[in-house]
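Working notes, beginning with the structure itself.
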């Protein structure tokens, strides 16, 4: 069974209870295997990318030097923006906390974009925020939700999180509309059904299509031009994960292990990208319509706009391909939450960073060590001690600001990853409506970081002693 999210706000004080996924996905026998009479198996469906436009009425809580009304948060963001101009990477970190959800750690850029004063970027989502107080012809906020966020929380909870954040900043949401929606179905099919011959068996309303190959093997298909209001992409999702996105947590969404997928099968993502004009035309003008009319929209996309058929020469004799019928029936609305995703994503981040650190450490030693004898061992402990002893400059520098600057990229520290039923997924945090302060981070020198890293090395090897402080290190 795939992962489920059960929401019972009356019993749990408005918090969310998550049920962890079972081992295999339902319908699978011994892994990613199709029955002899089954042409395909739908693994999941949902919205993979979501852009929102939000009109907000802001409650005045402060005034500009000229007497013009503004909010405390706008003043704070203007201060962050000025500080960002003098910071590494031209960003300044900030944080906003609301009930039921993890702290939103974001970076404020030193510049605006497209007429918007503020750029707020984080691992979860990106905001383009205007500083005008009343709704106008231009939306107050443009929001882009990351794929990881949508699959972690689910679309409905992302909407609720957005509303809570705006209210915590002193705003009242007037309208919330989708400006881009990417709807997708991931389907398991046999390898023989995924070949270049698909292009000869497609019936579509667009004249533009693209074929993507690697080593003479089909990896993806694209339908629709660059500026089209509707586009379709079909591609081998596991290959895309391995080569580009690194979203290995999708295997948990699918409910299968990576080693269960053999060369006899392919997991194909069928994804339709809808822009604002087409979204409105299909009757999904607001978030309520988006929630209620996804099934009708998917039916139009897979039965009218694009078809994969058995033959195209004679219209009265052709029928839809068997695996495409599974795609047509496979969209089950917006996805439910899968709270195990952050744990998988964090583990991958740590593995990547550790591999980079190991590689840089080896390169540094190779640049300075020229008299290594054959058979002479060099341990990681000795390498770290050598670096601490030979790179004393800056060893006592306070790097806490640099750490805070990376929180928006990596931090998911407050996310409680659910491991059992009836366990609250997130720690409730009180809303701070005025001007919440950034939680203090104790100053950390490079020397302290060295000692902490050495402790971790000892813990992983079963020992707890800490090595002597390198000579010449700071206090």
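Equivalent ellipsoid of the range 166-206: semi-axes from √(5λ) of the C-alpha gyration tensor, largest first, are 44, 15, 6 Å.
Peptides 248-258, 189-199, 265-275 ranked from most to least packed by the mean count of surrounding Cβ atoms within 10 Å: 265-275, 248-258, 189-199. With bins 10 Å wide beginning at 0, the percent of Cα pairs of the range 4-329 falling in each bin runs 5, 22, 28, 23, 14, 6, 1, 0.
For the range 174-287, the fraction of alpha-carbon pairs lying more than 24 Å apart is 36 percent, rounded to a whole number. Taking the average, over residues, of other Cβ atoms within 10 Å as the packing measure, peptides 353-359, 158-164 rank 158-164, 353-359 from highest down.
Remark on the range 115-169: ratio of C-alpha radius of gyration to 2.2 N^0.38 Å is 1.18.
Just so you know, all these numbers are worked out from the coordinates, no wet-lab data involved. Because the structure is predicted, anything quoted here is derived from the model rather than measured. When we count neighbours, we look across all protein chains shown, and the Cβ atoms used for this are built from the backbone with ideal geometry, even at glycine.
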